[in-house]
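Data block below; observations after.
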Amino acid sequence: MGISERVDSMVVRATSPNGSITATVRGMDSIEIAFMPGFYQRATPQEMETQLAQVARVLWANRMREYEAILNEESDGNLIVDAPASDRRDEQFYEQRDNVVAEGSSPDGRVRVTARGMRDWSVHIAPGAIDQMREDEMTYAAVQAAEALIRDQMTKITELKFSIYQDEVDFR
Amino acid sequence: MGFENLMQTAAAIRSKAIEIGKNEIQESDEIPKEWVEAWRADVERKANAVAGKFQPFTELPDPAKFNGAIAELQRVMGKLSSGQDTSDPISRNGRVYPANVAMTKMDSVKGDVQGWSGRAAQEFITKFLTPFPAVMHNQFLLVAALKAALEAEQAMWKASREDIASIAEATLKYLESMRGCSKNQAVIVFTVIASICAVLTSSGGALPIAITAIGAVASAGADIVGLESAPKTQIDGMYVVMVLASMEKAINQLVEKIMYTENRIKSAVANISDQIHSAQSSSNPDQHSFCARRPSLADASRGSIRHDLGYTG
């Protein structure tokens with residue numbers, strides 16, 4: 001199995017600090033979220049937002065570690081992730097990437113997720129949503145918001161790359 | 001993967017490059033459709049050229065084909081071994097060469113010619129019999145040097161094959177790593193320069209002139225490799241065409257390193273040849289280090305020898 005296959009089939013999990021939420025990412029961008037029994041019923045909106053944001057941060061960090069481990073194993077240590085900048089463009093790329101703000105929301109807009117540099121995560125749940133939505137509806141909405149955020153991050157990185165490195169490709 | 005599958009890896013690079021290149025830029029307000037099409041066409045053109053970059057390397061000499069000649073020289077070393085210094089003086093692939101018992105008969109020749117006197121006898125002893133062990137040992141060293149040169153060639157081609165396969169594999173792996181948000185780098189270590197060091201030990205001061213020439217190859221390689229800093233290059237780039245450009249650069253660097261290594265071996269062998277030639281062209285037979293002058297007696301016939309020499313036919 002090569003890098004592509006291993007990345008596509010990787011499964012990474014994370015649990016929020018108080019153990020109330022478990023999140024899983026499969027492959028590049030497929031997310032699953034599950035609440036501990038009873039958590040959804042007793043959680044305050046603020047607690048729900050905090051725990052979701054924290055599990056997302058840990059999940060993404062774990063995902064990056066796993067991704068790097070796969071690359072490392074498949075290349076016998078010869079593939080360096082985020083190699084040191086070799087010029088000003090690379091420095092610009094790293095600086096600006098750390099400040100990319102990715103966003104995603106559920107189709108009904110009741111769950112919104114943002115992440116700066118995929119490190120600082122925040123989750124906003126519309127007032128009253130927890131009371132109005134069943135548990136499975138909430139996890140589904142959170143999954144959709146998270147997956148939309150990952151797509152947004154990828155799109156913004158594609159644009160950032162183009163803005164910085166397009167001159168190095170003579171295609172026109 | 002590996003050298004045997006070099007062209008399959010090259011084909012995989014082409015496919016992966018086109019697959020990734022298709023999605024590298026998307027039509028948007030800033031990027032018109034024509035740019036996207038031109039971009040993809042550029043990627044495809046360069047991806048289609050990948051196989052041609054690797055194709056010439058499939059014709060690199062087969063290292064296994066040196067085995068016959070190396071074994072032949074090992075047999076010669078066995079025949080020339082006096083038993084004084086039985087281990088291979090140069091090659092790390094060497095072995096012990098037990099003394100050739102047949103050569104001990106030379107000792108009995110001394111006894112055979114004891115009653116023989118006159119100028120021919122004196123010259124036979126001083127120009128052939130006395131220097132014989134030294135000449136034989138020099139021949140032993142010379143053949144060891146030639147064998148080491150062949151082994152160096154063999155190691156060079158083996159490492160060249162491994163290095164070109166490394167470039168292909170690193171390129172493919174790099175392309176596969178491009179889907180994320182990171183900026184990666186694949187490191188390639190060229191083994192071709194170091195390859196001949198693995199074969200040749202450094203030449204000791206005790207080795208005669210000609211041998212130091214081939215020994216110099218080893219020490220030069222060791223200097224360059226520095227035992228820690230084997231030359232490296234990298235495959236990188238944020239876009240497929242940049243990655244393929246770095247791949248091509250790595251291939252060109254490998255070609256330079258193969259030529260450099262080949263030239264080191266070539267000049268060492270040329271040096272040996274020059275040294276032997278100068279040692280043998282001396283008018284003083286005592287300075288002929290590698291081949292004693294053929295004794296006149298060897299070509300003597302019954303009619304050309306006086307009976308009082310003791311030669312009875």
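Modelled spin-label separation between B:LYS79 and A:GLU47, with each label point placed 7 Å from Cα along the Cα-to-Cβ direction: 9.3 nm.
If eta is 1.002 mPa s and T is 20 °C, what Stokes-Einstein diffusion coefficient results for the range A:3-168, Kirkwood Rh from Cα pairs, in µm²/s? Write out the running numbers ahead of the final one.
Details: Rh = 17.0 Å.
Approximately 126 µm²/s, per Stokes-Einstein.
Given R0 = 45 Å, the distance between the Cβ atoms of B:THR126 and B:TYR260 translates into a calculated FRET efficiency of 0.45.
In straight-distance terms, cross-link reach from B:LYS158 covers every one of the lysines whose alpha-carbon lies under 25 Å from its own, apart from those fewer than eight places away in the same chain; here that gives B:LYS53, B:LYS65, B:LYS147, B:LYS173, B:LYS232, B:LYS249, B:LYS257, B:LYS266.
Peptide A:63-73 has a mean shielding of 2, counted as Cβ atoms of other protein chains within 10 Å of each residue's Cβ. Think of the protein assembly as shown as having a plus end and a minus end, set by charges on the Cβ of Lys, Arg, Asp and Glu; of A:SER30, B:GLN185, B:ALA69, B:ALA69 sits farthest toward the positive end of this dipole. Put simply, when A:132-141, B:186-195 are sorted by average Cβ atoms within 10 angstrom per residue, most first, you get B:186-195, A:132-141. Placing a label point 7 Å from the Cα of A:ASP8 along the Cα-to-Cβ direction, no residue of the range A:40-83 has its backbone N under 12 Å from that point. Seen against the Cα atoms of chain A and their longest principal axis, helix A:135-165 is set at about 20 degrees.
How far, in nm, would the chain grow between B:ALA134 and B:GLN114 when pulled straight, counting 0.36 nm per residue and subtracting the alpha carbon separation?
Numbers: separation 20, 0.36 × 20 = 7.20 nm, distance 2.13 nm.
Gain on stretching B:ALA134 to B:GLN114: 5.1 nm.
Across all directions, the average flat footprint of the convex hull enclosing the Cα atoms of the protein assembly as shown is 33.1 nm².
Want the number for A:ARG116 to A:ASN99: 0.36 nm per residue separation, take away the alpha-carbon distance, what's left?
Numbers: separation 17, 0.36 × 17 = 6.12 nm, distance 0.56 nm.
Stretched out fully, the A:ARG116 to A:ASN99 stretch lengthens by 5.6 nm.
For the pair B:THR86 and B:LYS249 in one chain, pulling the backbone fully straight at 0.36 nm per residue adds 54.1 nm over the alpha carbon distance.
Let me have the 222 nm mean residue ellipticity of the protein assembly as shown computed from DSSP H runs of 4+ only, each contributing -39500 (n - 2.57), with the sum over all residues rounded to the nearest 500.
On the way: 16 runs with 262 residues, N = 485.
The helix contribution divided over the protein assembly as shown gives -18000 deg cm²/dmol.
Annotation for A:ARG26 and A:ASP87: the two label points, set 7 Å from Cα along the Cα-Cβ direction, are 4.2 nm apart.
Taking θ as phi - 60° and the Karplus parameters 6.51, -1.76 and 1.60, the scalar couplings of the range A:4-21 work out to 4, 5, 5, 5, 5, 9, 6, 10, 10, 10, 8, 10, 5, x, 8, x, 7, 10 Hz in sequence order, x denoting glycine and proline.
In units of the rule-of-thumb radius 2.2 N^0.38 Å, the range B:3-292 shows an alpha carbon radius of gyration of 1.47.
Spin-label model, B:ALA38/A:THR155: points 7 Å from Cα along the beta carbon direction are separated by 2.5 nm.
Every number in this text was worked out from the coordinates using simple rules, so none of it is lab data. Nothing here was measured: the structure is a model prediction, and the numbers come from that model. Counting neighbours? That spans all protein chains shown, and the Cβs are built from the backbone with ideal geometry, glycine included.
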